[in-house]
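Contents: one structure, followed by commentary.
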């Protein structure tokens, strides 16, 4: 499932190529009748909160999307590589095509610079390429929503949530969500208030979108290792300074993820290590997906456990784990 930085990046694509433009909104698969409510209208704002995307229209309505596990947006037409791809030197660390290695061809001249007719996929598995496409391309597969302007198109497939809502419902959704460091000026206090009311293990609390928005499995495991915290400690047993440090770390990691397009959670890397990390995600994490391998700090074998049906990775020595 895309974590918070990916959804902010998708919001950025809409901001660059769709905001301020009149859009034809349709549902090629025929399952999204609400498309008619915003068809022919202009997107006025695009933003993300955690894993939720909000596209505001001049009707006062908002298209609300949560990608879930299988959702993804495909962009085509006169679209750029997004800022995060450019800042990563074109190396997005994702599979460039079936059968290629992670990082292959992602710094090619064909995928750098814009605008050009290109196709970008943004979601759980992101790829991009500079190959020409006929515009607008025919919808491929089960496209729930198509948003089409004179020179760009976005196709949405497989979302968990996709609906048109009014301002009151948007406010309700945002109030239900925990704070997002990129949009909540008073986010730290909201985080402290919400997490301080739960005795659930901190490894669960960080994944609770009502406590803090945008953290998924990768960031959860990495943040706890960076803080040297056992995932089993009760959230409300942690000192306020520890919780503030977690919030600050999340704010920093999220901003870095949006800037680079990577869930880069290791710091202090040499130039060669950083290049390797940008090219291959196996080289950019402390514990995530490293079960059975030695801890990069102490050498203890990284452990894999299951917490609320999600995989949890940790170092029992560095994190002082007692389940």
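The values are calculated or read from the model by the stated rules, or taken from the named source; none is laboratory data. Just so you know, these numbers come straight off a predicted model, no measurement behind them. A quick note on method: Cβ atoms are made from the backbone with ideal geometry, for glycine too, and the neighbour counts reach across all protein chains shown.
Numbers for the structure displayed
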{"read-out": "Residue satisfying condition, being buried (at least 20 other Cβ atoms within 10 Å of the Cβ), in contact with a helix residue (DSSP H, G or I) (Cβ under 9 Å, 6 or more places away or on another chain) and part of a helix (DSSP H, G or I), within set 229, 192, 246", "value": "246"}
{"read-out": "Top-ranked residue of segment 9-26 - restricted to ones that are touching a helix residue (DSSP H, G or I) at 6+ places or on another chain (Cβ under 7 Å) and either under 25 Å from residue 182 (Cα atoms) or outside the structural domain of residue 59 (by TED's automatic domain parsing) (or both), ranked as surrounded by the fewest Cβ atoms within 10 Å (Cβ to Cβ)", "value": "12"}
{"read-out": "Only listed residue being assigned by TED's automatic domain parsing to the domain that holds residue 159, out of contact with any helix residue (DSSP H, G or I) (no Cβ under 7 Å at 6 or more places or on another chain) and on the phi < 0 side of the Ramachandran plot, chosen from 32, 54", "value": "32"}
{"read-out": "Hits in segment 201-218 (condition: surrounded by 17 or more Cβ atoms within 10 Å (Cβ to Cβ) and either touching a helix residue (DSSP H, G or I) at 6+ places or on another chain (Cβ under 6 Å) or part of a loop (DSSP other than H, G, I, E, B) (or both))", "value": "202, 205, 206, 207, 208, 209, 211, 212, 213, 214, 215, 216"}
{"read-out": "Subset of segment 177-189 that is assigned to a loop (DSSP other than H, G, I, E, B) and touching a helix residue (DSSP H, G or I) at 6+ places or on another chain (Cβ under 7 Å) - its residue that is farthest from residue 9 (Cα to Cα)", "value": "178"}
{"read-out": "Segment 69-86 residues that are farther than 16 Å from residue 17 by Cα and not assigned by TED's automatic domain parsing to the domain that holds residue 258, paired with ones that are modelled with pLDDT under 90 and part of a strand (DSSP E or B) (beta carbon under 8 Å, 6 or more apart)", "value": "71/123; 72/121; 72/122; 72/123"}
{"read-out": "Yes/no for residue 277 being closer than 28 Å to residue 9 by Cβ, outside any loop (DSSP other than H, G, I, E, B), under 22 Å from the mean Cα position of the chain (by Cα) and at pLDDT 95 or above", "value": "no"}
{"read-out": "Residue within segment 310-323 that is out of contact with any strand residue (DSSP E or B) (no Cβ under 8 Å at 6 or more places or on another chain) and free of Cβ contacts under 8 Å to residues at least 12 places away in the same chain present", "value": "no"}
{"read-out": "Residue list for segment 249-273, filter: within 25 Å of residue 7 (Cβ to Cβ) and part of a helix (DSSP H, G or I)", "value": "249, 250, 251, 252, 253, 254, 255, 256, 257, 258, 259, 260"}
{"read-out": "Extreme residue, farthest from the chain's Cα centre (by Cα), among residues of segment 213-243 that are without any contact (Cβ under 8 Å) to a residue 60 or more places away in the chain and under 28 Å from residue 7 (Cβ atoms)", "value": "238"}
{"read-out": "Residue within segment 157-176 that is touching a helix residue (DSSP H, G or I) at 6+ places or on another chain (Cβ under 8 Å) and either closer than 24 Å to residue 263 by Cβ or without any contact (Cβ under 8 Å) to a residue 24 or more places away in the chain (or both) present", "value": "no"}
